[in-house]
Amino acid sequence: MSSDAPVDYDIFAHPSFDSNDYANAILAREPYNPSLPTTTTAAGTSKSKTSQPLARPGGPLNLSSEAGKEDISLALAKLNFAIDDVAKQLQNVVVTHHEALLAQASTVTDLERNLGSVRHGLNQVETSLDRLKSKIQLPHALLSAHVVRLSRLQTATDVLRRTSRFVIIARRLELQMAEVEQEPAQENGNGVLEVLEGDKERAIAKAALSIAELVSLYSSPSEASPDSETASPGTPRVALNQVRAVARHIPFIESSRTRVTTEMETMVSYGLRDLDQSLLASSLQTAYNLGVLPKLVQSLMADLTGAVDDRIRAAFDVNRISRETEVKQVPASSVPSLMYKSRVRTEPTNVTAPQWTQALWARLELLVEDMASCCVKVYTLEKVLQRKRDPATGTVFLDEGMKLLENKPSSTFWMAVSQAIEKHARENSRNSTFLQQTLSTSYPRLLRLFHDFFAKIAVHTDTVYTLSQQSPETVLILRSISQFETLYLSRATVRLNEAVSAVVANKDSTLLIRTLANELDKARFDPLLARSVARNVVGALDNLITRLDSQVIKDRLATSLQGPGATIQQIGNAQVISTLYQTWLRLCRLQDEFHESVWVILEPSTRMIQAAYQRAAEPLLSAVRRETAAIIARLHRVDYGKPFEATVGGASSVYMDDLLGKLNLVRTEIFPRFDIGELRNEWVISITKHVLKHFVLHASIASPLGEGGKLQLTSDMAQLEFALNQFVSTGDGSGKRGSGLKLEMAGDDFRALRGFRPLLFIDPPNLASPQHTAGLPPLIVLHHILVLSPLPMPHITHGWTEAEYVRWVDTHSPSEAWDLIEVGLNRWEKNPSGTELEKAEKEKAEEYLALARTVLTHARDPASYTSTAVNGRK
């Protein structure tokens with residue numbers, strides 16, 4: 001019914017409406033709700049359950065029927081009325097929509113006609129399919145039967161062919177095994193029969209090839225080789241075990257296989273024992289023919305690595321060492337001992353320690369022998385596998401043998417050995433203090449055993465372990481004992497640090513140099529250990545530099561030159577500098593004693609030590625230069641313009657007395673505190689050059705200069721030369737002339753002093769002559785020309801003091817000093833009226849100007865002027 005039906009019809013329009021339930025509800029006079037299930041009463045009638053009202057699309061609606069409360073006749077009357085009402089409504093709907101209903105009826109008629117034609121066509125198609133099936137099924141069934149028959153014929157043919165091949169090869173195997181059993185021999189020179197191993201080996205290899213083919217022929221499909229030449233594509237493989245002609249040969253084949261396998265294993269054992277590559281190649285060829293080469297190689301590697309592992313475990317086993325020493329200590333008495341026997345010791349006593357140590361090193365030496373033997377066997381096996389090829393297929397045996405191995409046999413061996421050494425050494429040393437202390441304290445001895453191991457296998461392998469080259473395999477082995485190297489290096493570091501502490505306390509580097517030389521000497525045979533020890537030495541030297549640097553005193557008294565002797569601070573710094581210098585000097589002597597790689601590590605620390613003592617000594621040397629320069633600058637306080645009559649011959653100037661006193665203080669009180677050998681000579685020469693250079697520069701610009709002043713300068717120069725000669729020859733303060741130094745070692749500065757003395761008395765026209773000014777720098781000659789002339793001095797032109805001008809010349813090149821003088825000359829030449837000079841003085845000034853120009857020209861032209869540059873600069 002539609003959604004707009006009367007309320008009385010809603011209960012009949014519900015999808016769950018049941019007429020029986022409705023009639024039962026009316027008879028039982030109960031409300032009826034079609035949305036709830038009914039229950040069956042004891043009388044067999046269904047009873048509706050009460051429920052809540054249900055919602056309808058237009059709003060809430062109670063579908064519970066109230067018919068149960070009415071009379072049955074009334075309910076029947078309502079039903080009849082409702083039926084009539086529904087019939088009328090249907091009639092009205094038909095009348096209203098009769099045209100659409102008629103149109104749909106006609107459409108259905110046309111559709112039935114079309115469906116009839118389609119049904120006829122489908123019947124024809126089914127008939128055609130039946131005819132085709134009858135034409136295809138019969139030939140197909142016949143063809144299938146023929147295919148099955150052909151497959152069975154092919155299987156039978158394959159069985160017959162393999163059986164025929166099997167019988168032929170089985171007879172061939174009988175002949176080959178007869179050759180193997182014969183073992184042909186010949187008599188050697190001593191009358192002893194020797195087996196001709198070559199013929200037997202070839203016979204065994206041929207028999208192995210026959211056995212492998214026979215096994216592939218009679219084996220089941222699951223055991224057959226996928227690349228067997230007897231297998232036909234698309235043909236099921238049938239085992240020949242059930243064939244009588246084949247079955248009677250199988251026991252003989254199995255026995256032959258066992259015999260060949262035994263002979264092969266024996267050949268492999270003898271080949272590895274005697275390192276016989278030809279015998280080993282024959283045995284491997286036999287294994288390849290049998291198809292067991294990968295398993296054989298894997299088994300051999302497992303046996304060799306297992307044997308090495310057992311040797312390593314036994315060598316580091318402290319319990320075995322204890323039992324071995326106890327057996328040696330048991331008295332040779334036939335009377336059974338009734339003394340108490342303690343349990344096995346894991347640590348020796350003071351009495352048994354030497355026996356334990358001897359037993360341990362004996363075991364390690366035996367271990368090295370066994371490791372070398374196994375290693376040579378592994379490399380021999382690998383060489384044979386690498387060189388040997390199967391004659392028929394050309395397969396390289398190494399490729400075939402590595403099917404079950406992850407790496408080459410040699411790589412597998414090295415990895416297994418290194419892991420075994422590291423494992424057993426760590427486990428046993430963790431449980432035994434004796435083992436740990438012995439191997440760490442005597443680590444160089446342990447390392448020498450491994451060097452012997454590398455030397456023994458070097459002939460048979462490609463491993464190299466020299467000072468300049470180390471193979472990866474050797475480094476891998478040495479890393480396995482790195483725990484003992486770490487302990488050894490830590491003890492060496494402790495010894496070095498103790499030596500450093502002693503040096504800092506006593507200011508004597510002998511113990512440190514001896515200690516580090518001993519440590520390096522003990523490790524010099526091994527490049528890796530030597531580098532590790534060298535790095536430890538570098539750490540100790542850095543520690544020494546840091547600690548001694550902190551002891552350097554930097555206050556005013558450390559550079560004071562007031563006298564009368566060296567200060568406590570200067571004495572302390574002298575001890576520090578002497579210690580650093582002696583350490584540096586002795587380290588440099590070690591350069592030729594050790595390998596270059598060791599010195600490359602030590603060299604930076606050596607340079608740091610040199611820089612440290614130079615840094616500590618520089619303030620004192622600078623103070624000496626500063627004090628002497630300040631005293632020499634007082635030269636200009638002396639009146640050198642006095643005439644000859646006013647001078648007092650032979651009397652020294654005040655500044656010269658002070659200068660000689662400072663030099664004497666440095667020579668006798670300060671420098672003797674330094675135990676620095678040749679370095680003190682360098683200091684003496686450096687200070688001497690500094691004094692000569694500054695004195696000549698100051699003396700050359702002393703103005704005005706009279707005849708008396710020249711004589712005074714000459715006297716001062718003589719005293720200075722004498723004092724410096726004494727300063728140089730006895731620079732160590734001992735008073736003995738044994739230093740080997742001479743004043744002539746000051747070079748150009750000394751020649752300038754010697755040349756300046758006659759320069760004072762040269763006639764002005766000869767000042768530009770190179771012959772008369774030989775040994776003098778051009779700048780000194782220019783200064784003297786300006787002093788004698790009315791021309792202005794360069795420091796006066798620029799408003800400098802004499803000391804400032806000398807410092808400027810000291811920090812600039814000679815060409816810059818010449819340019820400075822030339823600038824002053826050009827300025828005076830352009831503006832001569834700026835100075836009030838008489839005509840005669842102007843003419844004199846022009847003459848000296850020409851002389852200065854000539855000297856400058858010669859100075860800038862080395863071909864015409866051969867004198868050296870000022871202060872030793874080119």
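The residues listed here are Ser490, Ser480, Ser550; of these, the one that is under 25 Å from Ala458 (Cβ atoms) and either out of contact with any Gly (no Cβ under 8 Å at 6 or more places or on another chain) or surrounded by fewer than 15 Cβ atoms within 10 Å (Cβ to Cβ) (or both) is Ser480. Could you say whether any residue in the stretch 338-354 is modelled with pLDDT of 85 or more, among the aromatic types (Phe, Trp, Tyr) and assigned to a loop (DSSP other than H, G, I, E, B)? Within the stretch 338-354 (the criterion being modelled with pLDDT of 85 or more, among the aromatic types (Phe, Trp, Tyr) and assigned to a loop (DSSP other than H, G, I, E, B)), the answer is no, since none of the residues qualifies. Filtering Glu194, Glu201 for residues that are under 20 Å from Tyr270 (Cα atoms), at pLDDT below 80 and not aromatic (Phe, Trp, Tyr) leaves a single hit, Glu194. Screening the stretch 235-326 for helices (runs of 4 or more DSSP H) wholly inside it with 2 or more residues that are of a type in the set (Ser, Thr, Tyr) returns the ranges 250-274, 277-290, 293-315.
Give Leu541, Leu516 a once-over and let me know the one that is outside the structural domain of Leu467 (by TED's automatic domain parsing), surrounded by 15 or more Cβ atoms within 10 Å (Cβ to Cβ) and more than 24 Å from Leu447 (Cα to Cα). Reasoning before the result, please.
Values: Leu516 fails: more than 24 Å from Leu447 (Cα to Cα).
Going through Leu541, Leu516 in turn, the sole match is Leu541.
I need the full set of residues from the stretch 576-612 which are of a type in the set (Gly, Ala, Ser) and within 16 Å of Leu467 (Cβ to Cβ), in order please. If the condition is that a residue be of a type in the set (Gly, Ala, Ser) and within 16 Å of Leu467 (Cβ to Cβ), then Ser597 is the only one that fits. In the stretch 464-506, what count of residues is obtained for those that are over 30 Å from Ile545 (Cβ atoms), of a type outside the set (D, E, K, R) and assigned to a helix (DSSP H, G or I)? Qualifying residue count for the region: 8.
For the stretch 751-777, the tally of residues that are in contact (Cβ under 8 Å) with a residue 60 or more places away in the chain, surrounded by 16 or more Cβ atoms within 10 Å (Cβ to Cβ) and outside any loop (DSSP other than H, G, I, E, B) stands at 6. Selection of the stretch 589-639 for residues being in a loop (DSSP other than H, G, I, E, B), among the charged types (D, E, K, R) and within 28 Å of Leu720 (Cα to Cα) yields only Asp639.
When the stretch 783-813 is filtered for residues that are closer than 14 Å to Ala629 by Cα and among the hydrophobic types (A, V, I, L, M, F, W, C), the ones remaining, listed by number, are Ala803, Val806, Trp808, Val809.
Taking the stretch 2-36, which residues are in a loop (DSSP other than H, G, I, E, B), surrounded by fewer than 12 Cβ atoms within 10 Å (Cβ to Cβ) and modelled with pLDDT under 75? Scanning the stretch 2-36 gives Ser2, Ser3, Asp4, Pro6. Would you check which residues across the stretch 778-796 are among the β-branched types (Val, Ile, Thr) and buried (at least 17 other Cβ atoms within 10 Å of the Cβ) and list them? Within the stretch 778-796, Ile780, Val781, Ile785, Val787 qualify.
The values are calculated or read from the model by the stated rules, or taken from the named source; none is laboratory data. From a predicted model like this one, the values you see are computed outputs, not experimental measurements. Because the Cβ atoms are built from the backbone with ideal geometry, glycine has one as well, and the counts that use them run over all protein chains shown.
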